[in-house]
Amino acid sequence: MRKSLIAIAALALAACATAPDPQAPKVKITPLGSHDGEFCPLDRALVFEDPDGTRILYDAGRTVRGPNDPRLGRIDALLLSHVHGDHLGDLIQPSANAGACPKPDFSVNVTPNSNMVNISLAKQAPMIVGGEMGSFLSAKVSSLGGDPGKLVRLVRYGAQTMVGKVMVAGVPAVHSNGLPAAFLPPEQAKLYAGGLTAYVGEPGGFVLRFSNGLTVYLSGDTGITAEQDLVVRGYYKANLVVMNIGGFPFTTGPDEAAYVVNSLVRPAAVIASHANEPATVGGKLSPTSRTAAFQKAAKMPVHVPLSGKTMEFDGSGRCTSGC
Ligand SMILES: [Zn+2]
(Lines give C-alpha, C1' and ligand atoms only; values in the text may rest on other atoms or scores of the structure.)
Protein backbone atom coordinates (compact mmCIF):
# COMPACT_ATOMS: atom_id res chain seq x y z
CA MET A 1 0.00 0.00 0.00
CA ARG A 2 2.72 2.37 1.09
CA LYS A 3 4.82 1.42 -1.95
CA SER A 4 1.94 2.12 -4.32
CA LEU A 5 1.34 5.51 -2.69
CA ILE A 6 4.97 6.40 -3.29
CA ALA A 7 4.66 5.19 -6.87
CA ILE A 8 1.55 7.34 -7.40
CA ALA A 9 3.34 10.35 -5.89
CA ALA A 10 6.33 9.77 -8.17
CA LEU A 11 4.06 9.51 -11.23
CA ALA A 12 2.28 12.72 -10.25
CA LEU A 13 5.61 14.51 -9.90
CA ALA A 14 6.76 13.23 -13.29
CA ALA A 15 3.50 14.43 -14.85
CA CYS A 16 4.01 17.85 -13.29
CA ALA A 17 7.49 18.01 -14.77
CA THR A 18 6.34 17.37 -18.35
CA ALA A 19 2.87 18.89 -18.63
CA PRO A 20 2.79 22.43 -20.03
CA ASP A 21 2.11 25.01 -17.35
CA PRO A 22 -0.33 27.62 -18.70
CA GLN A 23 1.02 30.15 -16.19
CA ALA A 24 4.68 29.68 -17.25
CA PRO A 25 6.26 32.80 -18.78
CA LYS A 26 6.26 32.97 -22.59
CA VAL A 27 8.43 34.64 -25.21
CA LYS A 28 6.44 36.49 -27.88
CA ILE A 29 7.71 36.34 -31.47
CA THR A 30 6.08 38.62 -34.05
CA PRO A 31 7.02 38.55 -37.76
CA LEU A 32 7.09 41.98 -39.43
CA GLY A 33 6.64 41.04 -43.08
CA SER A 34 5.51 42.94 -46.15
CA HIS A 35 1.87 41.79 -46.08
CA ASP A 36 -0.35 41.28 -43.05
CA GLY A 37 -1.20 37.65 -42.39
CA GLU A 38 1.08 36.28 -45.14
CA PHE A 39 4.61 34.88 -45.50
CA CYS A 40 6.09 36.76 -48.47
CA PRO A 41 9.35 36.54 -50.45
CA LEU A 42 11.40 39.19 -48.64
CA ASP A 43 10.13 38.59 -45.10
CA ARG A 44 13.01 38.32 -42.63
CA ALA A 45 12.24 40.65 -39.70
CA LEU A 46 11.09 39.27 -36.35
CA VAL A 47 10.52 41.00 -33.02
CA PHE A 48 11.26 38.94 -29.92
CA GLU A 49 9.80 39.97 -26.57
CA ASP A 50 11.13 38.46 -23.36
CA PRO A 51 8.76 37.99 -20.40
CA ASP A 52 10.74 40.86 -18.77
CA GLY A 53 9.54 43.18 -21.58
CA THR A 54 12.85 43.39 -23.48
CA ARG A 55 12.15 43.73 -27.22
CA ILE A 56 14.74 42.73 -29.85
CA LEU A 57 14.43 43.25 -33.61
CA TYR A 58 16.20 40.78 -35.91
CA ASP A 59 17.21 41.88 -39.48
CA ALA A 60 14.80 44.71 -40.30
CA GLY A 61 15.48 44.22 -44.02
CA ARG A 62 12.98 45.77 -46.43
CA THR A 63 9.71 44.90 -44.69
CA VAL A 64 9.95 47.10 -41.59
CA ARG A 65 8.69 50.45 -42.85
CA GLY A 66 11.35 52.59 -41.17
CA PRO A 67 11.57 53.69 -37.53
CA ASN A 68 7.96 54.92 -37.50
CA ASP A 69 6.48 51.58 -38.47
CA PRO A 70 3.80 51.27 -35.75
CA ARG A 71 4.48 47.54 -35.45
CA LEU A 72 7.90 48.17 -33.90
CA GLY A 73 6.92 49.69 -30.56
CA ARG A 74 9.79 49.98 -28.14
CA ILE A 75 12.98 48.33 -29.38
CA ASP A 76 15.88 47.66 -26.99
CA ALA A 77 18.37 46.17 -29.45
CA LEU A 78 18.69 45.23 -33.12
CA LEU A 79 20.49 42.12 -34.40
CA LEU A 80 22.11 42.26 -37.84
CA SER A 81 23.29 38.99 -39.40
CA HIS A 82 25.04 40.57 -42.40
CA VAL A 83 24.99 43.63 -44.65
CA HIS A 84 23.20 42.44 -47.79
CA GLY A 85 20.38 44.77 -48.82
CA ASP A 86 17.56 42.39 -47.82
CA HIS A 87 18.89 42.36 -44.22
CA LEU A 88 20.56 45.75 -43.59
CA GLY A 89 17.67 47.30 -45.54
CA ASP A 90 18.24 49.27 -48.73
CA LEU A 91 14.59 49.78 -49.76
CA ILE A 92 11.31 49.83 -47.86
CA GLN A 93 7.58 49.93 -48.61
CA PRO A 94 5.83 53.30 -48.92
CA SER A 95 2.86 52.02 -46.87
CA ALA A 96 1.49 48.93 -45.16
CA ASN A 97 0.85 46.06 -47.60
CA ALA A 98 2.11 48.09 -50.61
CA GLY A 99 2.31 45.94 -53.73
CA ALA A 100 1.23 42.31 -53.60
CA CYS A 101 2.74 39.47 -51.56
CA PRO A 102 4.42 37.87 -54.61
CA LYS A 103 5.82 41.29 -55.63
CA PRO A 104 5.90 43.80 -52.76
CA ASP A 105 6.37 47.50 -53.55
CA PHE A 106 9.75 48.51 -52.12
CA SER A 107 9.93 51.88 -53.88
CA VAL A 108 11.32 53.96 -50.98
CA ASN A 109 15.11 54.10 -51.07
CA VAL A 110 16.75 54.38 -47.63
CA THR A 111 20.38 54.23 -48.76
CA PRO A 112 23.06 55.13 -47.96
CA ASN A 113 21.85 55.16 -44.30
CA SER A 114 20.02 51.79 -44.31
CA ASN A 115 16.83 50.78 -42.56
CA MET A 116 18.73 49.25 -39.60
CA VAL A 117 20.76 52.41 -38.94
CA ASN A 118 17.68 54.64 -39.22
CA ILE A 119 15.81 52.48 -36.69
CA SER A 120 18.81 52.29 -34.34
CA LEU A 121 19.17 56.09 -34.37
CA ALA A 122 15.46 56.73 -33.84
CA LYS A 123 15.07 54.15 -31.07
CA GLN A 124 18.52 54.87 -29.55
CA ALA A 125 18.97 51.09 -29.42
CA PRO A 126 22.24 49.28 -30.18
CA MET A 127 22.86 47.22 -33.29
CA ILE A 128 24.53 43.95 -32.28
CA VAL A 129 26.89 42.71 -35.01
CA GLY A 130 29.90 40.48 -35.62
CA GLY A 131 32.68 40.39 -38.19
CA GLU A 132 34.01 43.78 -39.25
CA MET A 133 30.54 45.30 -39.38
CA GLY A 134 31.05 47.24 -36.14
CA SER A 135 33.60 49.69 -37.51
CA PHE A 136 31.60 50.31 -40.70
CA LEU A 137 28.36 50.92 -38.77
CA SER A 138 30.15 53.07 -36.16
CA ALA A 139 31.42 55.40 -38.88
CA LYS A 140 27.95 55.60 -40.40
CA VAL A 141 26.27 56.28 -37.05
CA SER A 142 28.85 59.00 -36.30
CA SER A 143 28.32 60.63 -39.70
CA LEU A 144 24.59 60.88 -38.87
CA GLY A 145 25.17 62.46 -35.46
CA GLY A 146 24.67 59.31 -33.33
CA ASP A 147 26.87 57.88 -30.61
CA PRO A 148 28.55 54.69 -31.85
CA GLY A 149 29.54 53.79 -28.29
CA LYS A 150 25.85 53.48 -27.51
CA LEU A 151 24.43 52.31 -30.85
CA VAL A 152 26.93 49.72 -32.09
CA ARG A 153 27.84 46.64 -30.06
CA LEU A 154 30.34 44.14 -31.42
CA VAL A 155 29.64 40.49 -30.54
CA ARG A 156 31.86 38.24 -32.63
CA TYR A 157 31.65 34.45 -32.79
CA GLY A 158 32.02 32.96 -29.32
CA ALA A 159 31.20 36.18 -27.48
CA GLN A 160 27.94 37.05 -25.78
CA THR A 161 26.20 40.10 -24.41
CA MET A 162 23.07 40.82 -22.38
CA VAL A 163 20.04 42.86 -23.42
CA GLY A 164 17.82 43.08 -20.38
CA LYS A 165 17.52 39.46 -19.26
CA VAL A 166 18.22 38.10 -22.76
CA MET A 167 21.62 36.59 -23.54
CA VAL A 168 22.73 37.19 -27.15
CA ALA A 169 25.63 35.14 -28.53
CA GLY A 170 27.27 35.28 -31.94
CA VAL A 171 27.53 32.02 -33.92
CA PRO A 172 28.99 31.39 -37.38
CA ALA A 173 27.13 31.61 -40.66
CA VAL A 174 28.86 30.58 -43.86
CA HIS A 175 27.62 32.89 -46.60
CA SER A 176 29.23 36.16 -47.82
CA ASN A 177 29.24 39.70 -46.53
CA GLY A 178 30.20 42.20 -49.22
CA LEU A 179 28.75 45.64 -48.66
CA PRO A 180 26.49 46.72 -51.54
CA ALA A 181 27.71 49.98 -53.11
CA ALA A 182 24.39 51.69 -52.38
CA PHE A 183 25.33 51.96 -48.70
CA LEU A 184 28.40 54.08 -49.53
CA PRO A 185 28.67 57.72 -50.53
CA PRO A 186 29.16 58.08 -54.33
CA GLU A 187 32.92 58.78 -54.18
CA GLN A 188 33.55 55.53 -52.25
CA ALA A 189 31.10 53.55 -54.38
CA LYS A 190 33.40 54.20 -57.38
CA LEU A 191 35.79 51.62 -55.91
CA TYR A 192 33.25 48.96 -56.90
CA ALA A 193 33.96 49.25 -60.63
CA GLY A 194 34.71 45.77 -61.94
CA GLY A 195 32.29 43.98 -59.63
CA LEU A 196 34.33 44.16 -56.44
CA THR A 197 32.73 44.84 -53.07
CA ALA A 198 34.10 46.01 -49.74
CA TYR A 199 34.13 43.05 -47.39
CA VAL A 200 33.00 43.68 -43.83
CA GLY A 201 34.11 40.44 -42.18
CA GLU A 202 32.17 37.26 -41.54
CA PRO A 203 28.39 37.13 -41.67
CA GLY A 204 26.83 35.68 -38.55
CA GLY A 205 23.94 34.00 -36.86
CA PHE A 206 22.83 34.35 -33.26
CA VAL A 207 21.71 32.33 -30.27
CA LEU A 208 19.30 34.07 -27.89
CA ARG A 209 18.57 32.70 -24.43
CA PHE A 210 15.47 34.23 -22.88
CA SER A 211 14.63 34.49 -19.19
CA ASN A 212 12.13 31.59 -19.41
CA GLY A 213 14.86 29.30 -20.79
CA LEU A 214 13.78 29.43 -24.45
CA THR A 215 16.98 29.22 -26.49
CA VAL A 216 16.61 30.31 -30.11
CA TYR A 217 19.07 29.80 -32.94
CA LEU A 218 18.80 32.43 -35.69
CA SER A 219 20.58 30.91 -38.67
CA GLY A 220 21.13 34.11 -40.64
CA ASP A 221 21.95 33.34 -44.27
CA THR A 222 24.06 30.20 -44.25
CA GLY A 223 24.75 26.76 -45.61
CA ILE A 224 25.08 23.63 -43.48
CA THR A 225 27.88 24.14 -40.95
CA ALA A 226 29.53 21.84 -38.42
CA GLU A 227 28.88 24.42 -35.71
CA GLN A 228 25.13 23.82 -36.01
CA ASP A 229 25.88 20.46 -34.39
CA LEU A 230 28.89 21.18 -32.20
CA VAL A 231 28.05 24.67 -30.97
CA VAL A 232 24.37 25.50 -31.51
CA ARG A 233 23.13 22.14 -30.21
CA GLY A 234 26.21 20.89 -28.34
CA TYR A 235 26.97 23.99 -26.33
CA TYR A 236 23.94 26.29 -26.38
CA LYS A 237 21.29 23.53 -26.64
CA ALA A 238 18.94 25.61 -28.80
CA ASN A 239 15.34 24.38 -28.54
CA LEU A 240 13.83 26.65 -31.21
CA VAL A 241 15.33 27.43 -34.63
CA VAL A 242 14.61 30.25 -37.08
CA MET A 243 15.87 28.60 -40.25
CA ASN A 244 16.67 30.02 -43.66
CA ILE A 245 15.06 27.80 -46.31
CA GLY A 246 15.43 30.01 -49.43
CA GLY A 247 17.73 27.68 -51.37
CA PHE A 248 19.34 28.25 -54.76
CA PRO A 249 21.60 30.18 -55.25
CA PHE A 250 22.17 31.74 -51.83
CA THR A 251 21.58 29.44 -48.83
CA THR A 252 20.20 26.17 -47.53
CA GLY A 253 17.02 25.11 -49.31
CA PRO A 254 14.27 22.91 -47.84
CA ASP A 255 16.28 19.66 -47.99
CA GLU A 256 19.48 21.11 -46.51
CA ALA A 257 17.54 23.07 -43.90
CA ALA A 258 15.65 19.89 -42.91
CA TYR A 259 18.99 18.12 -42.42
CA VAL A 260 20.15 20.99 -40.18
CA VAL A 261 17.11 20.77 -37.91
CA ASN A 262 16.62 16.97 -38.00
CA SER A 263 20.22 15.83 -37.62
CA LEU A 264 22.27 18.74 -36.28
CA VAL A 265 20.37 21.18 -34.03
CA ARG A 266 17.35 18.94 -33.23
CA PRO A 267 15.15 21.62 -31.63
CA ALA A 268 11.60 21.16 -30.35
CA ALA A 269 10.24 23.43 -33.10
CA VAL A 270 11.26 25.58 -36.06
CA ILE A 271 10.11 28.85 -37.61
CA ALA A 272 10.73 28.95 -41.36
CA SER A 273 12.46 32.08 -42.63
CA HIS A 274 13.78 33.77 -45.78
CA ALA A 275 11.63 31.73 -48.17
CA ASN A 276 12.19 33.95 -51.24
CA GLU A 277 8.75 32.91 -52.47
CA PRO A 278 5.16 33.89 -51.76
CA ALA A 279 4.70 30.93 -49.41
CA THR A 280 1.11 31.66 -48.42
CA VAL A 281 -2.12 32.75 -50.11
CA GLY A 282 -4.80 34.11 -47.78
CA GLY A 283 -2.65 33.02 -44.83
CA LYS A 284 -2.64 29.37 -45.98
CA LEU A 285 0.59 27.65 -46.97
CA SER A 286 0.77 26.85 -50.70
CA PRO A 287 1.17 23.07 -51.01
CA THR A 288 3.77 23.44 -53.77
CA SER A 289 5.90 25.98 -51.86
CA ARG A 290 9.44 25.45 -50.61
CA THR A 291 8.10 26.20 -47.15
CA ALA A 292 5.62 23.30 -47.44
CA ALA A 293 8.43 21.01 -48.64
CA PHE A 294 10.51 22.01 -45.63
CA GLN A 295 7.58 21.52 -43.27
CA LYS A 296 7.11 18.00 -44.67
CA ALA A 297 10.80 17.11 -44.42
CA ALA A 298 11.31 18.37 -40.86
CA LYS A 299 10.61 15.94 -38.03
CA MET A 300 9.38 18.61 -35.61
CA PRO A 301 6.66 21.29 -35.94
CA VAL A 302 7.55 23.99 -38.48
CA HIS A 303 5.69 27.23 -37.82
CA VAL A 304 4.97 29.63 -40.67
CA PRO A 305 5.72 33.26 -39.75
CA LEU A 306 2.58 35.13 -40.79
CA SER A 307 3.23 38.86 -40.72
CA GLY A 308 1.78 40.56 -37.65
CA LYS A 309 0.67 37.31 -36.02
CA THR A 310 2.34 36.87 -32.62
CA MET A 311 3.47 33.38 -31.63
CA GLU A 312 4.21 32.50 -28.01
CA PHE A 313 6.79 29.96 -26.87
CA ASP A 314 7.46 28.40 -23.50
CA GLY A 315 10.94 27.66 -22.18
CA SER A 316 11.05 24.24 -23.83
CA GLY A 317 10.56 25.57 -27.38
CA ARG A 318 6.90 24.63 -27.56
CA CYS A 319 4.50 27.04 -29.26
CA THR A 320 1.64 27.66 -26.85
CA SER A 321 -0.41 30.11 -28.92
CA GLY A 322 -0.53 31.87 -32.28
CA CYS A 323 0.98 29.01 -34.30
ZN1 LIG B 1 19.37 37.20 -47.39
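Before moving on, here are some points about what is shown:
- Taking all protein chains together, Asp59, Asp36, Asp90 sort by accessible area into Asp36, Asp90, Asp59, largest first [probe 1.4 Å].
- Mean separation of Cα contacts under 8 Å (6+ apart) over length of the chain, as relative contact order %: 19
- FRET E, pair Ser176, Arg156, Förster distance 22 Å, beta-carbon r, rounded to 0.05: 0.80
- Global form of the stretch 230-323, assessed from the alpha-carbon gyration tensor, a/c cut-off 1.5: oblate
- Label-point gap, in nm, between Gln188 and Ser321 - each point 7 angstrom along Cα→Cβ: 4.6
- If R0 is 51 Å, the Cβ-Cβ spacing of Ala139 and Asp21 corresponds to a FRET efficiency of close to 0.60.
- Tensor-based shape of the stretch 142-258 (alpha-carbon gyration tensor, a/c under 1.5 rounded, otherwise prolate or oblate): oblate
- Rounded to 10°, Cα long-axis angle of helix 2-18 versus longest principal axis of the chain: 10
- Overall form of the stretch 49-144: oblate. Here a/c, set by the Cα gyration tensor axes a ≥ b ≥ c, is 1.5 or more, and a/b is not larger than b/c.
- Portion, in percent, of the accessible area of the stretch 38-116 that falls on carbon or sulfur, probe 1.4 Å: 51
- With a Förster radius of 22 Å applied to the C-beta separation of Lys28 and Met167, the computed FRET efficiency comes to 0.80.
- Modelled spin labels at Ser211 and Val108, positioned 7 Å past Cα toward Cβ, are 3.3 nm from each other.
- Gaussian network model of the chain, springs between alpha carbon atoms under 10 Å - residue of Leu184, Leu80, Leu151 with greatest fluctuation: Leu184
- Per-residue ³J(HN,Hα) for the stretch 248-264, Karplus 6.51 cos²θ - 1.76 cosθ + 1.60, θ = phi - 60°, Hz, x for Gly and Pro: 3, x, 9, 8, 4, x, x, 5, 5, 5, 5, 4, 4, 7, 6, 10, 9
- For the chain, built as a Gaussian network whose Cα springs stay under 10 Å, the top-fluctuating residue of Ala272, Ala96, Ala24: Ala24
- For the stretch 242-266 versus the stretch 127-179, the gap between their alpha-carbon centres in whole angstrom: 25
- Surface composition of the stretch 171-323: carbon plus sulfur atoms hold 59% of the accessible area, using a 1.4 angstrom probe and ignoring ligands, DNA and RNA.
- GNM top mover of Gly170, Gly61, Gly149 - the chain, alpha-carbon springs below 10 Å: Gly149
- Taking each DSSP H run with n ≥ 4 as -39500 (n - 2.57) and averaging over every residue of the chain yields -5000 deg cm²/dmol at 222 nm.
- Residue pairs exceeding 26 angstrom between C-alpha atoms, taken from Lys123/Lys309; Lys28/Lys237; Lys140/Lys309: Lys140/Lys309.
- Applied to the stretch 270-285, the Karplus parametrisation 6.51 cos²θ - 1.76 cosθ + 1.60 on θ = phi - 60° returns per-residue 3J(HN,Hα) values of 9, 10, 5, 8, 6, 6, 6, 7, x, 6, 10, 10, x, x, 10, 5 Hz, with x for Gly and Pro.
- Solvent-accessible area per residue for the stretch 56-172 (1.4 angstrom probe, square angstrom): 36
- Dimensionless Rg ratio for the chain, taking C-alpha atoms and the 2.2 N^0.38 Å reference: 1.02
- Along the stretch 30-39 the Karplus relation, 6.51 cos²θ - 1.76 cosθ + 1.60 evaluated at θ = phi - 60°, assigns HN-Hα couplings of 10, x, 10, x, 7, 9, 3, x, 10, 10 Hz to successive residues, with x for each Gly and Pro.
- Per residue, the solvent-accessible area of the stretch 218-267 (1.4 Å probe, heavy atoms of protein chains only, all protein chains present) comes to 38 Å².
The values are calculated or read from the model by the stated rules, or taken from the named source; none is laboratory data. What you see is a predicted model; the values in this text were computed from it and never measured. Quick reminder, even Gly has a Cβ in these numbers, built from the backbone with ideal geometry, and neighbours come from all protein chains shown. These accessible areas exclude ligands, DNA and RNA; they are computed on the full protein's heavy atoms, side chains included. Shrake-Rupley method; radii C 1.70, N 1.55, O 1.52, S 1.80 Å.
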